[in-house]
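First up is the structure itself, then whatever we jot down about it.
The values are calculated or read from the model by the stated rules, or taken from the named source; none is laboratory data. Just so we're clear, the structure is a prediction, and the values are computed from it rather than from any experiment. Using ideal geometry, Cβ is built from the backbone for each residue, glycine included, and neighbour counts are taken over all protein chains shown.
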Amino acid sequence: MPKKLYNEPSPLETRILSKRFGLDNSESLATYIANDGFKAFRKAREMKPEAIIEEVKTSALRGRGGAGFPTGLKWSFVPRSSPKPKYIVINADESEPGTCKDRLLMEYDPHQMIEGILIAGLALDAHKGYLYIRGEYRYLIDHMDRAIAEAYGQGYLGKNILGTGFDFDLYTHSGAGAYECGEETALLDSLEGKRGIPRMKPPFPAVAGAWASPTLLNNVETFSAIPAIIRDGGAAFAALGTPKNGGTRLLCVSGHVNKPGVYEVPLGYPMLKFIEEIAGGIPGGRKLKAVIPGGSSCPILKADECDIPMDYDSLAKIGSMLGSGGMVVMDETTDMVKVALRIMRFYAHESCGWCIPCREGTTWLRKILQRFDDGGGRHEDVALLGELSKNMLGRTFCALGDAAAMPTISIVDKFAADFEKRLAQQMVAV
Amino acid sequence: MNFSPQLEEKFAKMLTAYPEGRKRSAVVPMLIYAQDEVGAVTPELIDEVARRCEVPPLQVDEVVGYYSMLHRKPMGKYHVQVCTNISCLLVGGMELYEHACKKLGIGHKEVTADGQISLEEVECMGACSWAPAVEINYDFHHHVTPEKLDQLIDGLRKAQ
C-alpha cells in the first residue's frame with residue numbers, strides 16, 4: 001500500500017530526491033532497487049575516489065543543513081591518506097525551527113541516504129558511519145535500524161559490499177533533546193558522550209573530528225542528493241539550479257499558507273511563486289507581511305523583499321540566508337513582538353552556556369522582549385534590543401549566538417512599527 | 001541493575017558500535033533508552049550507565065542536566081509535549097498549550113496527581129509543516145486542534 005504522505009505533492013515540484021515518496025513500500029530496499037537504487041554505488045565503485053569528489057564538486061551541491069558550504073570541497077578536506085580511521089557522521093539532528101524535511105527523507109527513502117553515505121565512504125576510504133538522530137525522532141531511529149538491518153541482510157552494508165571488497169558499518173545514535181547538537185562540533189562532543197558544547201576551530205572536523213579522527217559531517221539531505229549526482233552526473237544536477245547553487249532542495253513551508261508542506265524545487269525557484277502557487281497562497285486573501293526564508297535563525301524578510309529567486313547567493317545578497325529550508329510565512333495579522341519573543345525564548349533555552357555573549361545575551365533579550373510583550377515596554381527598548389544583539393554577533397564559538405542575534409536585529413530594524421504600536425497602546429491603557 | 005531482555009540486547013550491540021576504548025560514546029543513548037524503562041534518571045541508573053560505559057559516574061551525571069529529554073524525576077506514564085515554537089505559534093500552538101494546561105490542571109513539566117499524564121511546552125520537534133504538533137511519548141500528532149487534543153487525552157485516560 002502506498003503510504004499516505006504528510007502533504008499532497010504539488011505538480012510544480014521537481015522531484016529528484018523525493019521521487020520515490022508515495023511509492024508502494026517506498027522505504028523498502030526492494031522498492032529502492034527497482035527504482036534506480038544502488039546504480040550510483042555500482043558506478044562509483046568503478047571510479048577513482050578523486051573522480052567521485054570531482055563529480056560532487058561539479059554538481060555545485062551545497063550543504064543542506066544550514067550553512068550551505070560546498071559539499072565537494074568539504075569532502076576534499078578529509079585527508080584520505082591519513083593513517084587514522086576516517087568516520088562519516090550524518091547529521092539528522094534536524095532542530096532548526098521551521099525545518100521538517102530530513103524526517104521525510106529517512107521515513108520514505110532511507111536507502112537513498114544509505115547509498116549516499118556508502119559513496120562518501122568510497123570517496124574518503126571511510127568504513128564506519130554514525131547516524132546522529134535527534135531523540136524526539138525515536139520512531140525514525142527504529143525505522144532506520146530496520147532499514148540498516150535490511151541493508152546488512154542483503155549485502156548492502158557490512159563486509160565486502162556487493163562483492164566489491166569494500167566494508168562499511170552504519171550505526172544509529174540517539175540524541176536526547178538539544179538544538180545545539182545540530183552544530184557539527186557540538187554534535188561530535190555529544191556523539192562522544194559529553195554535553196554538546198562547540199569546539200574551537202581549527203582543527204576542523206575533516207582533520208580532527210569524531211574521536212580525534214578525520215570526520216566528514218553532512219546533513220541527511222546532502223547525503224540523499226549524492227546518488228542522483230553520481231548516477232546522472234554532477235553537471236546534470238548542477239543544471240537544475242542556478243550557478244554555484246546546484247540541484248533541487250526540499251523546502252518546508254509553514255505558517256500562514258493554505259497548503260503548508262514539504263516540496264522539492266530547484267535552487268533559484270522564485271519565492272513569491274512558491275508561496276502563491278505551490279504553498280497555495282495566504283488564507284483569507286490576507287496580505288503577506290514577512291517571511292523567514294530558511295529556519296528561525298535567518299534574518300526575516302519584509303513582504304517587499306520577497307520577490308527573489310531562492311538560492312544561497314540571492315538570499316545572501318539581501319542579507320539573509322536559505323539556511324535549512326524551513327520557510328515560515330507570516331500574514332498581515334502577525335504581531336512581530338510575539339514572533340521576536342518566541343524566537344528568543346527558544347534561543348535562550350537552547351544556548352549551551354559555553355560562550356558568555358550567547359548565554360547572557362539570549363537571556364537578556366528574552367527578558368526585555370517578555371517585559372515588552374507583557375506591556376512594560378519602553379521607548380529605548382528597540383535600540384537596546386538591536387545594540388545587545390549586535391554585540392553578540394561573531395563573539396561566540398559556534399553560530400548559535402549569531403542565530404539568536406540575526407532574527408532580532410532584522411525584526412527590530414524592519415518592524416519597528418510593531419513595537420511602536422505596542423508602546424502607543426500602552427500609553428492609551430495608562 | 002538489569003533491564004528488559006530487549007534493552008539488554010540493544011545495549012550489548014550499542015557498546016560494540018564505537019571504536020575501541022570509546023564506550024563513553026554510549027552514555028547519552030543508553031541514558032535515554034534506560035530512562036524510558038526506569039521512568040527517570042535515578043542515581044542508581046547513573047551508576048549503572050557509568051559502569052557499563054566505563055566512565056566515572058560524574059561524567060554521566062554531568063550530561064543529564066544538559067539534554068532536555070533527560071529528567072531526574074519521573075514524568076507521567078504519558079508525556080504530552082506541545083510545541084509552541086514559531087511555526088506552531090502562528091497556527092494556534094500557544095492556545096493549544098494553554099488549553100492542555102486547563103484540561104489537565106497542570107503546568108509545564110508537571111504531572112497529574114495520579115501520576116498518569118505529564119505536560120511539557122516543548123521547542124521545535126520537526127513537524128512545522130503539519131503544525132500545530134503534539135508528541136505523546138514518541139508518537140507524533142499533527143494538525144492538532146483543542147478538540148483533537150481533548151480526544152487524545154480522553155483516550156489516554158481510558159487506556160489506563
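Considered as a group, the residues in region B:129-144 that are farther than 25 Å from residue A:348 by Cβ and more than 9 Å from chain A (Cβ to nearest Cβ) include one that is surrounded by the most Cβ atoms within 10 Å (Cβ to Cβ), and that residue is B:144. Of the set (1) closer than 28 Å to residue A:41 by Cα; (2) within 16 Å of the chain's Cα centre (by Cα); (3) surrounded by fewer than 24 Cβ atoms within 10 Å (Cβ to Cβ), all apply to residue A:239 but (2).
Annotation: of all residues in region A:314-341 being touching a Gly at 6+ places or on another chain (Cβ under 9 Å) and part of a helix (DSSP H, G or I), the one that is nearest to residue A:416 (Cα to Cα) is A:337.
The criterion of being buried (at least 18 other Cβ atoms within 10 Å of the Cβ) and within 10 Å of another protein chain (Cβ to nearest Cβ) holds for residue A:135. Residues of region A:51-89 that are crowded, with 22+ Cβ neighbours inside 10 Å and among the hydroxyl-bearing types (Ser, Thr, Tyr): A:59, A:71, A:87. For region A:18-50, a residue qualifies if it is in a loop (DSSP other than H, G, I, E, B), surrounded by fewer than 17 Cβ atoms within 10 Å (Cβ to Cβ) and touching a helix residue (DSSP H, G or I) at 6+ places or on another chain (Cβ under 6 Å), and exactly one does: A:25. Just one of the numbered conditions (1) more than 26 Å from residue A:251 (Cβ to Cβ); (2) assigned to a loop (DSSP other than H, G, I, E, B) is not true of residue B:126: (1). Against the conditions (1) more than 14 Å from chain B (Cβ to nearest Cβ); (2) more than 19 Å from residue A:404 (Cβ to Cβ); (3) surrounded by 22 or more Cβ atoms within 10 Å (Cβ to Cβ), residue A:320 satisfies every one except (2). Residue A:42 falls short on exactly one of the conditions (1) within 14 Å of another protein chain (Cβ to nearest Cβ); (2) out of contact with any Asp or Glu (no Cβ under 9 Å at 6 or more places or on another chain); (3) in contact (Cβ under 8 Å) with a residue 12 or more places away in the chain; (4) not β-branched (Val, Ile, Thr), and that condition is (1). The sole residue among A:164, A:185, A:172 that is within 26 Å of residue A:43 (Cα to Cα) and polar (S, T, N, Q) is A:164.
Yes/no per residue for (1) within 18 Å of residue A:18 (Cβ to Cβ); (2) within 14 Å of another protein chain (Cβ to nearest Cβ); (3) touching a residue at least 12 places away in the same chain (Cβ under 8 Å):
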| residue | (1), (2), (3) |
| --- | --- |
| A:256 | no, yes, yes |
| A:274 | yes, yes, yes |
| A:277 | yes, no, yes |
| A:287 | no, no, yes |
| A:297 | no, yes, yes |
| A:302 | no, no, yes |
| A:308 | no, no, yes |
| A:313 | no, no, yes |
| A:352 | no, yes, yes |
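Being modelled with pLDDT under 95 and either not assigned by TED's automatic domain parsing to the domain that holds residue A:57 or not hydrophobic (A, V, I, L, M, F, W, C) (or both): is that true of residue A:215 here? The answer is no for residue A:215. Restricting region B:41-65 to residues that are among the aliphatic types (A, V, I, L, M) and not in a helix (DSSP H, G or I) leaves a set whose member that is farthest from residue B:20 (Cα to Cα) is B:41. Residues considered: B:126, B:155. Of these, the only one that is surrounded by fewer than 16 Cβ atoms within 10 Å (Cβ to Cβ) and not charged (D, E, K, R) is B:155. Of the residues making up region A:235-251, one or more are touching a strand residue (DSSP E or B) at 6+ places or on another chain (Cβ under 9 Å), within 13 Å of another protein chain (Cβ to nearest Cβ), under 30 Å from residue A:332 (Cβ atoms) and part of a strand (DSSP E or B). If the condition is being touching a residue at least 24 places away in the same chain (Cβ under 8 Å) and of a type in the set (A, V, I, L, M, F, W, C), then region A:384-405 contributes A:385, A:388, A:392, A:397, A:398, A:399, A:400, A:403, A:404, A:405. Scanning region A:160-213 for residues that are under 19 Å from the mean Cα position of the chain (by Cα), in a loop (DSSP other than H, G, I, E, B) and of a type in the set (Asp, Glu) returns a single hit, A:183.
Restricted to region B:105-118, and to residues there that are in contact (Cβ under 8 Å) with a residue 40 or more places away in the chain and part of a strand (DSSP E or B), the residue that is nearest to the other protein chains (Cβ to nearest Cβ) is B:118.
Consider residue A:260 carefully, then state whether it is surrounded by 24 or more Cβ atoms within 10 Å (Cβ to Cβ), under 15 Å from the mean Cα position of the chain (by Cα) and at pLDDT 95 or above. No, not satisfied.
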